[in-house]
Amino acid sequence: IIVSVVQWVASKDMQESGLYALQALALGIIFIYLILVAQFRSFTLPITIMMSLPLIFIGVFVALWLTGNTLNMFSIIGIVMLMGLSAKNGILLVDFINHARLNVGMDRLEAIIEAGKVRLRPIVMTSLAMIFGMLPLALGNGEGSETRQAMAYAIIGGLITSTMLTLIVVPIVYVYLDNIRGWIHKTLKRLNHHDGGENPSAS
């Protein structure tokens, strides 16, 4: 009975810790969006950048499955760390695209291609540095290494898929949202012009 009570308390504590980690994950996503809105002064560009966040879950789940680990509190902590690393890749791409279009005068497609060429090296280098930094933690066999390995595998898998897919997904989402922004601006301009043309005649 005592053993069962201890196991129940331990499982309850783990569930509460996992719940707190999920809450931290949700708050992290909200704060990232608010910071990006303030930085880019746009409500749609942060959505483009944050499309890189779901890509980390592909690598996380695959890495945990291949290594026989589960989604626990430590792997969720790794996901929270991955959010900032993954958003960084999107920021590098979108910031260069906007700079090339506004300050250099490139068209959209040319700016996207140039951003992929220029930003590829820093994105890959920072991701590789983090991956190799996690390898000792993932391959360690010391005391308590089983719990820390889940976090390391989650970070490594998430970084691999995020780095590869961000270079494809973020530019595609940027194009679609830019088309939507252009359509909205044209529609509002047409409506304003229509209203401005009717007012003088009505008066």
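Some observations on this one:
- The GluC sites (Glu not before Pro) of region 96-165 that DSSP puts in a loop, and whose beta carbon has at most 11 other beta carbons within 10 Å, are 143.
- Per-residue ³J(HN,Hα) for region 50-57, Karplus 6.51 cos²θ - 1.76 cosθ + 1.60, θ = phi - 60°, Hz, x for Gly and Pro: 6, 5, 6, 5, x, 5, 5, 5
- Taking a ≥ b ≥ c as the square roots of the eigenvalues of the alpha carbon gyration tensor, region 138-191 is prolate, as a/c is not under 1.5 and a/b beats b/c.
- A straight chain from residue 109 to residue 189 at 0.36 nm per residue would run longer than the Cα-Cα distance by 26.4 nm.
- The simple spin-label model puts a point 7 Å past each Cα toward its Cβ; for residue 137 and residue 27 those points are separated by 2.0 nm.
- From phi via Karplus (6.51, -1.76, 1.60), per-residue ³J(HN,Hα) for region 38-43 in Hz, x at Gly/Pro: 5, 6, 9, 6, 8, 9
- Estimated FRET transfer efficiency (residue 71, residue 44; beta-carbon r; R0 22 Å; 0.05): 0.10
- Percent of Cα pairs in region 70-203 per distance bin of 5 Å, from zero to the largest separation: 2, 9, 15, 15, 11, 10, 9, 8, 6, 5, 4, 3, 2, 1, 1, 0, 0.
- Relative contact order, percent, region 72-203 [alpha-carbon distance under 8 Å, six or more residues apart]: 33
Only the coordinates and a few stated rules stand behind these numbers; no lab work does. Everything numeric here is computed off the predicted structure, so don't read it as measured data. So basically every Cβ, Gly included, is an ideal-geometry build from the backbone, and we count neighbours across all protein chains shown.
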